[in-house]
Amino acid sequence: MTKSILNNSMETILVVIMKMQIGYCAYSEDVPGCISTRENMQEIKFNMTEAIAFHLEGLKGENDDIPMKLKGEYCVEFIDENDKIV
């Protein structure tokens with residue numbers, strides 16, 4: 001289950017969003033290999049949240065190791081490269 005609203009009883013997945021020359025790029029050190037690029041902030045947040053859920057489904061389907069933060073319920077927090085919440 002993914003949620004974009006912070007909740008202290010859930011693990012928090014930090015996603016870093018960077019402004020590029022054209023659009024935005026996002027990644028999470030909590031979810032290695034999961035990245036996204038989009039044209040605007042709203043799209044990148046939505047797409048990265050979906051990408052994390054899709055990545056988790058793929059890990060489960062392949063019986064791969066699941067990062068600890070993804071083993072239960074989690075929320076996604078977006079920050080910029082200066083650690084400011086966006």
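Values quoted throughout were computed directly from the atomic coordinates according to the rules given, and no laboratory measurement underlies them. Given the structure is predicted, the values throughout are model-derived calculations rather than measurements. Positions of Cβ are backbone-derived with ideal geometry, glycine not excepted, and every protein chain shown enters the neighbour counts.
For segment 5-55, a residue qualifies if it is among the hydrophobic types (A, V, I, L, M, F, W, C) and over 15 Å from GLU81 (Cβ atoms), and the qualifying residues are ILE5, LEU6, MET10, ILE13, ILE22, VAL31, CYS34, PHE46, ALA51, ILE52, ALA53, PHE54.
If you go through segment 17-70 and keep only what is acidic (Asp, Glu), assigned to a helix (DSSP H, G or I) and surrounded by fewer than 13 Cβ atoms within 10 Å (Cβ to Cβ), you end up with GLU50, GLU57. Of all the numbered requirements in (1) surrounded by 14 or more Cβ atoms within 10 Å (Cβ to Cβ); (2) in a loop (DSSP other than H, G, I, E, B); (3) of a type outside the set (Phe, Trp, Tyr), ASN82 misses one, and that requirement is (1).
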